[in-house]
Amino acid sequence: MAGGYTTPPTDALDDLRKQLRHILTRLSPLESATGTQKAELLRTVIEKIAQIDQLVHDAITTHSYTRPQIDARIAHPGHIAATGHITTAGDLTAAGDITTGGNIATGGSLTATQNVTAAGTGDFAGGLRSVGAYHTRVTGGGSYSAAWLHSDGRLGQAPSSERFKQDIHPTTLDPTTLLNAEVVTFRYKEAVENLADNAPTVLGCIAEQFHDNNLGFAVSYDENGDPFSIEDRPLLYALLHTFQHHTREQQQTITDLTTRLEHLEQTQNPPPH
């Protein structure tokens, strides 16, 4: 264990005890009753050998964690720092930061009360949640962009720069298509299950209705090909296109009416001869 004493294998301790007892047996006949310095040294050695079991026990106790201490560190490890990958079969929880120079992968969820930093990727079968992200503002300066969730679970960006696009052509979208979109109010089933009558009413649209009315360009589909959600950006661009189309039509109508009005005025009030 990092930062602690690793208990030697039981077989190794037994071998050590046998060797020390063998040395004790060989040293005992050498002790004389003359009280010489040699005898005193031998007695000291014999006493230390006799205390070896207690010394080993005390050393292990001093430099090792107890079972409750181990359980507490596993439950609340504090900061986790690794130069390589971090992989767990279940949940990964830290009372502080989680930092690694490689990838983070868990079979469950990832929970950290502070920062999570990985130089590689993060794979969390049980989901990823940031308690502080909802209240964190990014408007203090610098650039920021929306994060998109790919169907394979990756978080990333969807750039709009021409550098990332090809086959660029003006759209031929029929402006009247959006007239088929129906705006509704509804409540989410999960919210009703959790909050009952207190579940909020939401303003929005229905993905299946968009799909059935040739608005599939604004629909996201699940792995079975069924309508799942409505994407805001394509819908926004379609609205922009429709607004531009109707603005041009209105401008043309105004120009035509102005021309007709001028013609009528000239007819009704011809210039004097």
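Structure notes:
- So GLN51, is it outside the structural domain of PHE124 (by TED's automatic domain parsing) and modelled with pLDDT of 70 or more: yes
- Any pair with Cβ under 9 angstrom, 6 or more apart, that starts in segment 103-125 at a residue that is closer than 12 Å to ASP91 by Cα and ends at one that is in a strand (DSSP E or B) and among the charged types (D, E, K, R): ILE104/ASP123; ALA105/ASP123; THR106/ASP123
- Extreme residue, nearest to ASP91 (Cα to Cα), among residues of segment 126-150 that are loosely packed, with under 14 Cβ neighbours inside 10 Å and among the aliphatic types (A, V, I, L, M): VAL131
- Selected residue (only one of LEU236, LEU215, LEU203, LEU240 is surrounded by 14 or more Cβ atoms within 10 Å (Cβ to Cβ) and within 39 Å of the chain's Cα centre (by Cα)): LEU215
- Restricting segment 179-196 to residues that are more than 28 Å from the chain's Cα centre (by Cα) and in a loop (DSSP other than H, G, I, E, B), the residue that is surrounded by the fewest Cβ atoms within 10 Å (Cβ to Cβ): VAL183
- When each of GLN114, GLN157 is tested for being over 30 Å from ASP232 (Cα atoms) and either in the same structural domain as THR87 (by TED's automatic domain parsing) or surrounded by fewer than 12 Cβ atoms within 10 Å (Cβ to Cβ) (or both), the lone residue that passes is GLN114.
- Yes/no for THR62 being of a type in the set (Val, Ile, Thr), surrounded by fewer than 14 Cβ atoms within 10 Å (Cβ to Cβ) and either over 12 Å from the mean Cα position of the chain (by Cα) or modelled with pLDDT of 75 or more (or both): yes
- When each of LEU235, LEU203 is tested for being in a helix (DSSP H, G or I) and among the aliphatic types (A, V, I, L, M), the lone residue that passes is LEU235.
- Of the residues screened, GLY84 is not one that is in the same structural domain as ASP123 (by TED's automatic domain parsing) and modelled with pLDDT of 75 or more.
- Residues in segment 132-178 that are among the hydrophobic types (A, V, I, L, M, F, W, C), touching a residue at least 24 places away in the same chain (Cβ under 8 Å) and part of a helix (DSSP H, G or I): LEU178 only.
The values are calculated or read from the model by the stated rules, or taken from the named source; none is laboratory data. Model, not experiment: these values are computed from the prediction. Cβ: placed from backbone, ideal geometry, glycine included. Neighbour counts: every protein chain shown.
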